[in-house]
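**Student:** Questions regarding the structure given below will be posed in turn.
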Amino acid sequence: MRISDRKYAITGAGRGLGAALAIVMADAGAKLVLLARTEEALGGTLSAIHKRTGERPNAIACDLADAESCTKAGHRLATEHPDLDGVIHNGAMWLPGTMNDLTDVEIQNCVGSAAVGALILTRHLLPKLTQRGEADIHTVVSTSGLQTRRPGGGSVAFQAAKSAQAGFVNGLAMELSGTGVRVTAVYPGNFDDVSPLDDSWLVGDVPEHLLSNREVVDAILFILNQPPKVAVRSMILE
């Protein structure tokens, strides 16, 4: 696999899709820097990877809904990991409910975690990534961020957050066109979480109307493992 021996940062790696992606990428030989709201939240992922591979990824605390936290994390990534080959923006706040159900803080945190956090981290990393010659900026968006798709149960705030992420991906792809930095994204519909640590990962025991995060992981790896000159700009999973 092309990702073997390459270094990637993954946000939201403490649980769910982020944890599953980190474990599978570590199994494939990738070097990882994992981010979550607190380093303690990464404990289970770090332990699982160490047990399976003998390696212990680096961990950085980053609250994606907090601009100052993202600035600090971005600075650490850029200074402590100048050999980073890519960043995977996975972390985001899921927020269901109607507008009347939401608080102002929930709206701010939802949009901030999905869009603002990714922008700040990318700004700090971009000079280093462009120097690498070949690098990846990959974002896990959602079909909720597509104007042509029915929302998948998320609130208006979540749809707005994912639409902002889609705009980030499209704008950055145009800005970096002609460079060695690929800007790609996957747009999954609703999916259930299963873990690579459980038998259900192989069985795929989820309702027929839902994806599993294994299928999302497979899609991300397909994109990252393409030859450097091939960029899968967007992949919609339904």
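None of the figures in this text is laboratory data; all of them are computed from the coordinates on show. Everything numeric in this text was worked out from a predicted model, so none of it was measured. Note that each Cβ is placed from the backbone with ideal geometry, even for glycine, and that neighbours are counted across all protein chains shown.
**Student:** Taking the Cα centre of region 3-42 as origin, work out the dipole magnitude from +1 charges on Lys and Arg Cβ and -1 charges on Asp and Glu Cβ, in debye rounded to 20.
**Tutor:** Charge dipole of region 3-42: 120 debye, to the nearest 20.
**Student:** Here's something else I'd like to know. Need one number: nm distance between label points at Glu215 and Asp83, each 7 Å from Cα along Cα→Cβ, rounded to one decimal.
**Tutor:** Simple spin-label model gives 3.8 nm for this pair.
**Student:** So what J values fall out for region 37-42 if you push phi through Karplus, 6.51 cos²θ - 1.76 cosθ + 1.60 with θ = phi - 60°, rounded to Hz, Gly and Pro as x?
**Tutor:** 4, 9, 5, 4, 5, 8
**Student:** Along the three principal axes, how long is region 1-120 when you take its alpha carbons, biggest first, rounded to the nearest angstrom?
**Tutor:** 48, 27, 26
**Student:** For the chain, which DSSP H helices look membrane-span-like by this rule: Cα extent along the axis of 24 Å or more and mean Kyte-Doolittle of at least -1.0?
**Tutor:** 156-175
**Student:** Students often get this wrong: which residues of region 129-147 have the backbone nitrogen under 13 Å from the point 7 angstrom along Cα-to-C-beta of Asn170?
**Tutor:** 145-147
**Student:** Further question on the same structure: Would you mind classifying region 133-198 by shape? Square roots of the alpha carbon gyration tensor eigenvalues, ordered a ≥ b ≥ c; an a/c under 1.5 is rounded, otherwise it is prolate if a/b is larger than b/c and oblate if not.
**Tutor:** The shape class here is oblate.
**Student:** Could you give each residue of region 96-101 its phi-based ³J(HN,Hα) in whole Hz, using Karplus coefficients 6.51, -1.76, 1.60 with θ = phi - 60°, and x for Gly or Pro?
**Tutor:** So the J values, rounded to whole Hz, are x, x, 7, 4, 5, 7.
**Student:** Here is a further query. Please tell me the relative contact order of the chain in percent, rounded to the nearest whole number, where contacts are Cα pairs under 8 Å and at least six residues apart.
**Tutor:** 19
**Student:** Right, something else. Add -39500 (n - 2.57) for each DSSP H run of 4 or more in the chain, then divide by its residues: what number comes out at 222 nm, to the nearest 500 deg cm²/dmol?
**Tutor:** -12500 deg cm²/dmol, from helical runs alone.
**Student:** Determine the percent antiparallel among the DSSP beta bridges restricted to the chain, to the nearest 5.
**Tutor:** In the chain, DSSP labels about 5 percent of beta bridges as antiparallel.
**Student:** Explain nothing, just the number: dipole magnitude of region 7-237 about its Cα centre with +1 on each Lys and Arg Cβ and -1 on each Asp and Glu Cβ, in debye rounded to the nearest 20.
**Tutor:** For this selection, approximately 680 debye.
**Student:** Right, next: Convex hull volume of the Cα atoms in region 115-238, per residue, in Å³?
**Tutor:** So the per-residue hull volume is 123 Å³.
**Student:** To continue, here is another question. Rule-of-thumb check for the chain: C-alpha Rg over 2.2 N^0.38 Å?
**Tutor:** It is 0.95.
**Student:** Now for a different question. Taking square-rooted eigenvalues a ≥ b ≥ c of the alpha carbon gyration tensor, is region 50-174 rounded, prolate or oblate, where a/c under 1.5 means rounded and, failing that, a/b exceeding b/c means prolate?
**Tutor:** prolate
**Student:** At a threshold of 8 angstrom on Cα-Cα distance, excluding pairs fewer than six apart, so keeping six or more, what relative contact order does region 3-91 reach in percent?
**Tutor:** Relative contact order here is 36 percent.
**Student:** Which of the listed residues, Cys62, Phe191, Pro227, is farthest toward the dipole's positive end in the chain, when Lys, Arg count +1 and Asp, Glu count -1 at the beta-carbon?
**Tutor:** Highest projection toward the positive end goes to Pro227.
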